[in-house]
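What follows is one structure encoded as structure tokens, with my remarks underneath.
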Amino acid sequence: MAKLHVETTINGESTEILVDPQQSLLETLRDGLMLTGAKEGCNDGNCGACTVIMDGRTVNSCLVLGAEAQDADITTIEGLATPRGLHPLQQAFLENAALQCGICTPGFLISSKSLLDSNPNPSEEEVRFWLAGNLCRCTGYDKIVRAVLDAAKEMKAGN
Amino acid sequence: MATTTTVEQKTTEKVIGTRPIRHDGVDKVTGRAIYGADINLPKMLHVKILRSPHAHARIVSIDTKQALDIPGVKAVITGEDLPEPPSQMQNLGEGAANLRFLSDNAMARTKALYKGHAVAAVAATELYIAEEALSAIKVTWEILPAVLDTESAMAEGAPLVHDDLPQRPMEGDQAPPPNVARYFRFNIGDTQQAFEESDTVVEREFRTQMVHQGYIEPQTATALWKEDESLTIWCSSQGHFNVRDQTSNILQIPVSSIKVIPLEIGGGFGGKIGSTIYPVISLLSKKAGVPVKYSMTRAEVFEGTGPGSGTHMRVKIGAMKTGKITAVDVSLSYEAGAYPGSSVASGCQNMFSPYVIENAFIEGFDVIVNKPKTAAYRAPGTPQAAYAGESIIDEVAESIGMDPIDFRLLNVAEEDDSRVDGTKHRVIGAKETLEAIKNHPHYKSPLNGPNQGRGVAIGYWGNAGMTSSCSLIVNGDGTVNLVEGSVDIGGTRTAIAMHAAEVLGIPAEDIHPVVADTESVGMTSITAGSRTAFASGWAAYEAAQGVLKELIERAATVFETTPDQVVHEDGTFRSVSDNDKKLTFKELAGRLQRVGGPVIGQATITPRGVGTAFGADIVDVEVDPETGKVQVLRVTAAQDVGRAIHPSYVEGQIQGGVAQGIGWALNEEYVFNDEGVMQNPGFLDYRMPTSLDLPMIEAVLVEKRNPGHPYGARGVGEVPIVPVMASVANAVYRATGVRYQALPMSPGNIIAGLTQKDH
């Protein structure tokens, strides 16, 4: 099968890639661009470990075709920290011990960023509702929810 | 919020009990950490496995010729490519297994014994080519009748899963029922007389379904078989030494020819201890001459790896009006899956271990059925039995009108009391754990609605020790490299490093821990049995003691005195006779080159003194009588942790164990059709708890020190799941008036129970 030429923006950098027509965005990121921070947990949109932000919305990258990245603006976990340091969410996850095995962590961080982008002051219930598309099997979510609430406070104080 | 209850007075430790940020944290929040599937090697091929569509079927023939002809297909193997293994036992850490069965489970030779049993494997240049090749493999099947639950498997005349299953006679030379691989029995006192003398006797039957550990990272591995017959495996397992030894045994190649490189692991919970995939991908790499990578799909994880046993349990209990338990009579039947080896023995030993029971008859049947071979799942075998035991305890307490915690406290085991298997408890905190929930404000708080209920339960788990190794290297700037062999699933690198930091008197951050491959550190057993912080931490403690002894000698040289004239306090070495002569750890490290060269320490330990663990929960639920949905409103989970090395990660173990228990109680189950085909092999239909399903989970750390560990630690990972299903069931009973004696208490089953009650 002929590969498709795709021009896209990933973590602020314009990127050109060749993708197989049947290739998912997740495979494109992981196998084509070596951005392995997004994880495959189920490949059917139920675990959220592959979550990325695409044009301002969170998507399960396993359910998006690589070809659909044409002209899109994509943020992956690799784009969360800056040369100045970790994102407040990343710092809050560390300080709250909000990860155990860590495989779901990139997806949770991306979903949480998307939440705080649209709702900088969420309630516990809003955090739980927003993160319900991301499965964690280790933590029971307690420390994850606290970390997101802490990061929201931290970001508000920093603004 | 989490709270800590210290039973004995605190010591002066500076690092143990603090909450440093984990050393691998930045890698794991930035996406840099390399997990099993994140590795890519030049010329690497991709693997797909053909799996049996039938629960029980004879392989008449397999034709792989057409698959091999597909461009891009580089290697195909079937069961015939695996060497014939000798019939010998392989220690898997949490249970042993016959090598023949391990090999057969990796790939069926003559019969497929469950839906999902591997029968052939393909390596190709692209994943989709490998997938296409699977459909070109022609298998001729002779479908056989399947047995799908313990009762039908044990019935007279049941179809036999194994034609040649070795069966030992039961008591009195009685032949065991069909498909029973092992039979256990504990028998103490005189149960018959005790029941006759009891004021109350309750007898119930309980059923639970097969459940999965539900780790988010599918099983995955990469293998490279090189021209010199050496083999390298990259994997995310619960123990790379175990992977090495198991692969060596199944493929019958020397241990020294295999190097296993541990990558980060995305959850295991017992399910990634043994695995069928390593010999398969190794042989594919051997045939293809290049590296091959295999990652399971989620459906393969459900159907082709080891879940936790479904069970059928009968329990009878007697008690006096005073609350004293008189006797128990228990029969547990656990699904082993397609090969022998369920965790039924653990259920038999542990289910009544929180109590003193003088008369007990407990038997267990390990029953082979045409389902995936079960594996360990967090306190393997015990949560099911505890669900039955703690449900019936709750009912007996109610029948004599006693508070359920008071009833448990009246019967609770303490040091030197015997368990039903005859073992005496060492220093334990069962009583303190029960008191922690009894005295917690949660237990005194009111419920707020007509369909709400509160349940309690306690659970026991024995924990493990096994073997751990550790090396320490002191760097010139006073930092220390720590090399250990325990795969880190939940922050154990840091807990281990904290042991060394405490001994050396330096901050945990000055230690740099690394999980080394099988060629770079001494043999270390699996990350399982709640043993890692306990035993590998202890290995780090011993290695640090060696470093400290050497550093004191070096300081003596600098101080121009003898080692007995040097003391070490808070990271400073000081001369006893001359107070002006002192060196910090950093200063001494900087001088090591001049007084004998670098200092390293190492230790390999197989600790005794494992501290057993108890956990007790209070759970509040609300049951919607219209929909049958059970909402968990509040959970308080107290646990005797001995000494919390890193309290945040101890709380995390408790919260995670509770969450898994709630999933098991309310929703999770393998649903099979009559042909033994799983109907829900995905996360949409095998429904694990989401953030919206759970409340905050309050962990109460009870610290009754374990005298068998330098800092008093007990294993903490497994016991938190043990009491959960019972505490949820007891809460649901108080909300509905129905005692649910089958899991899960999913909406349909709740409605069925409510409907039955009304008629």
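Every number in this text was worked out from the coordinates using simple rules, so none of it is lab data. Quick caveat: nothing in here was measured; it's all calculated off a predicted structure. Cβ coordinates were reconstructed from backbone atoms using ideal geometry, including for glycine residues, and neighbour counts include every protein chain displayed.
Is it possible to state the helix-based mean residue ellipticity at 222 nm for chain B, with each DSSP H run of 4+ residues giving -39500 (n - 2.57), the sum divided by total residues, to the nearest 500 deg cm²/dmol? What is it? Numbers along the way, then the final one.
Values: 20 runs with 205 residues, N = 759.
Estimated from H runs of four or more residues: -8000 deg cm²/dmol.
Given an 8 Å cut-off on Cα distances and at least 6 residues of separation, report the relative contact order of chain A as a percent.
23 percent
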20 °C / 1.002 mPa s Stokes-Einstein diffusion coefficient of segment B:465-605, Kirkwood radius on C-alpha pairs, µm²/s: 141 µm²/s
Run the numbers for B:A155 and B:R109: contour at 0.36 nm per residue of separation, minus the present Cα-Cα distance, in nm. 13.9 nm
Bins of 10 Å, starting at 0 and running to the largest distance - Cα pair percent for segment A:88-158: 23, 62, 15, 0
Distance in Å, no decimals, from the C-alpha centre of segment B:495-509 to the one of segment B:260-283 is 30 Å
Mind giving me the nanometre distance, one decimal, between the label points for B:T572 and B:R594, set 7 Å out from Cα along Cα→Cβ? 2.1 nm
With -39,500 (n - 2.57) per DSSP H segment of 4 or more residues and division by the full residue count of chain A, the 222 nm estimate, nearest 500 deg cm²/dmol, is -9000 deg cm²/dmol
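Averaged across B:18-29, how many Cβ atoms of other chains sit within 10 Å of each residue's Cβ atom?
Working: counts 0, 3, 0, 4, 5, 0, 2, 11, 5, 1, 12, 19.
Shielding by partners across B:18-29 averages 5.
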Per-residue HN-Hα couplings for segment B:311-326, Karplus 6.51 cos²θ - 1.76 cosθ + 1.60 at θ = phi - 60°, whole Hz, x for Gly and Pro? 9, 10, 10, 10, 10, 10, 9, x, 8, 8, 4, 5, x, 6, 6, 9
Exposure proxy ranking, count of Cβ atoms within 10 Å, fewest first, for A:C101, A:C62: A:C62, A:C101
Across the residues of B:514-525, average count of Cβ atoms on other protein chains within 10 Å? 0
Measuring from a point 7 Å past the Cα of B:Q174 along Cα-to-C-beta, which residues in segment B:147-163 have an amide N at less than 20 Å? B:150-158
Rounded to 0.05, the calculated FRET efficiency for the beta carbons of B:L684 and B:D564 at R₀ = 60 Å is 0.30
Report the calculated FRET efficiency for B:S520 and B:K14 (r = Cβ-Cβ distance, R0 = 30 Å), to the nearest 0.05. 0.50
Compute the label zone of B:V255 within segment B:518-559: residues whose backbone N is under 19 Å from the point 7 Å along Cα-to-Cβ. B:518-528, B:536
Restricting everything to alpha-carbon atoms, can you work out Rg to Rh for the protein assembly as shown with a Kirkwood hydrodynamic radius? 0.97
Tabulate in residue order the Karplus-calculated ³J(HN,Hα) for segment B:482-491, using 6.51 cos²θ - 1.76 cosθ + 1.60 with θ = phi - 60°, rounded to whole Hz; enter x for Gly and Pro. 10, 10, 9, x, 9, 4, 9, 9, x, x
Would you mind checking which residues have amide H under 5 Å from A:L65's amide H? H placed 1.01 Å from N; only 5 or more apart, or other chain. A:L25
Which of the GluC sites (Glu not before Pro) found in segment B:206-301 are in a DSSP loop and have at most 14 neighbouring Cβ atoms, other than their own, within 10 Å? B:E227, B:E229
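Ordered by packing density, taken as the mean number of other Cβ atoms within 10 Å over each peptide's residues, highest first, how do B:404-412, A:42-50 rank?
A:42-50, B:404-412
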With θ set to phi - 60°, apply the Karplus curve 6.51 cos²θ - 1.76 cosθ + 1.60 along segment B:45-60 and write out the HN-Hα couplings as whole Hz, x wherever there is a Gly or Pro. 9, 10, 10, 10, 10, 7, 10, 5, x, 10, 6, 7, 7, 7, 8, 6
Taking a crude spin-label model, label points 7 Å out from Cα along the C-beta direction, the A:E154 to B:D403 distance in nm is 4.2 nm
Under 8 Å for C-alpha pairs, at least 6 residues apart: give me the relative contact order for chain B, rounded to a whole percent. 16 percent
Residues whose built amide H sits under 5 Å from the amide H of B:A120, excluding neighbours closer than 5 in sequence, are B:L50
Under unit Cβ charges (Lys, Arg +1; Asp, Glu -1), what dipole magnitude, rounded to 20 debye, does the protein assembly as shown have relative to its Cα centre? 900 debye
Sorted largest first, the Cα spans of chain B on the principal axes come out in Å as 87, 76, 52
Cross-link pairs B:K321/B:K431; A:K39/B:K28; B:K43/B:K287; B:K111/B:K371 - those with Cα-Cα distance over 19 Å: B:K321/B:K431
To make sure I understand the rule: partners must be lysines, Cα under 26 Å from the Cα of B:K14, and not fewer than 8 residues away in the same chain. Which ones qualify? A:K143, B:K549, B:K581, B:K582, B:K586, B:K704
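Give the whole-number value, in cubic angstrom per residue, of the convex hull volume spanned by the C-alpha atoms of segment B:408-462.
Considering the Cα atoms of segment B:408-462, their hull volume per residue is 105 Å³.
Indicate, rounded to the nearest 5 percent, the antiparallel portion of the DSSP beta bridges found entirely in chain B. Don't skip to the answer; put the middle values down first.
Working: 98 of 132 bridges.
Percentage antiparallel, nearest 5: 75.
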For a quick check: sort A:K39, A:K156, B:K373 by the number of other beta carbons within 10 angstrom, fewest at the front. A:K156, B:K373, A:K39
If you average the alpha carbon positions of segment A:1-58 and of segment B:710-733, how far apart do those two centres end up, in angstrom? 40 Å
Would you please give the FRET efficiency between B:D164 and B:D228, computed as 1/(1 + (r/R0)^6) with r the Cβ-Cβ distance and R0 = 51 Å, to the nearest 0.05? 0.85
What is segment B:465-605's relative contact order, in percent, from Cα pairs under 8 angstrom and six or more apart in sequence? 35 percent
Find the centroid of the Cα atoms in segment B:297-325 and in segment B:104-168, then give the distance between the two in whole Å. 26 Å
Proximal charge balance of B:S468 [Cβ under 9 Å; K/R count +1, D/E count -1]: 0
Between B:L633 and residues 5 or more places away or on another chain, the pairs with built amide H atoms under 5 Å apart involve B:D620, B:V621, B:E622
Full-extension gain between B:T200 and B:D758, please, as 0.36 nm times their residue separation minus the C-alpha to C-alpha distance. 198.3 nm
